[in-house]
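The values are calculated or read from the model by the stated rules, or taken from the named source; none is laboratory data. Because the structure is a prediction, the values reported are computed rather than measured. Cβ placement follows ideal geometry from the backbone for every residue including glycine, while neighbour counts extend to all protein chains displayed. With ligands, DNA and RNA removed, areas are computed over all heavy atoms of the protein, side chains included. Shrake-Rupley method; radii C 1.70, N 1.55, O 1.52, S 1.80 Å.
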Amino acid sequence: QVQLVESGGGLVQPGGSLRLSCAASGIIFRLYVMGWYRQAPGKQRELVAGITSGGSTNYADSVEGRFTISRDNAKNTVYLQMNSLKPEDTAVYYCNAALFRADYWGQGTQVTVSS
């Protein structure tokens, strides 16, 4: 059974930082493209950042330079370091694992940026 379990969300003030983690089980983690998506109320889910099995990364323009995605294949975990957070970063953040037609999602973790 595949499981993606996110953690690390919470309430943070503008300009603050959070680090999200996603622990995967039930898949050969090192083979998968891992991604972080987010969905704000009333908006579509959007890609925030992705990392390939080889470690190549890509980011949404809105987070470039502020967020960093990384992975630890030994721990079957992908991370999203979020710095200089803005109120518009408020959303539920989801972890995704994709490989060919396989596509798995975590349950999401809430990130709220507010003073």
Rounded, prolate or oblate for the stretch 12-115? Axes are the square roots of the Cα gyration tensor eigenvalues, ordered a ≥ b ≥ c, and the cut-off for rounded is a/c under 1.5.
prolate
The chain - percent of accessible surface contributed by carbon and sulfur, probe 1.4 Å:
47
List the relative contact order of the chain as a percent without decimals, with contacts defined as Cα pairs under 8 Å and 6+ residues apart.
36
Going by a ≥ b ≥ c, the root eigenvalues of the Cα gyration tensor, does the stretch 21-61 fall in the rounded group (a/c under 1.5), the prolate group (a/b larger than b/c) or the oblate group?
oblate
Could you give the nm distance between label points at residue 64 and residue 40, where each point is 7 Å from its Cα heading toward the beta carbon?
1.9
If you count only protein heavy atoms with a 1.4 Å probe, what accessible area per residue comes out for the chain, rounded to a whole Å²?
54
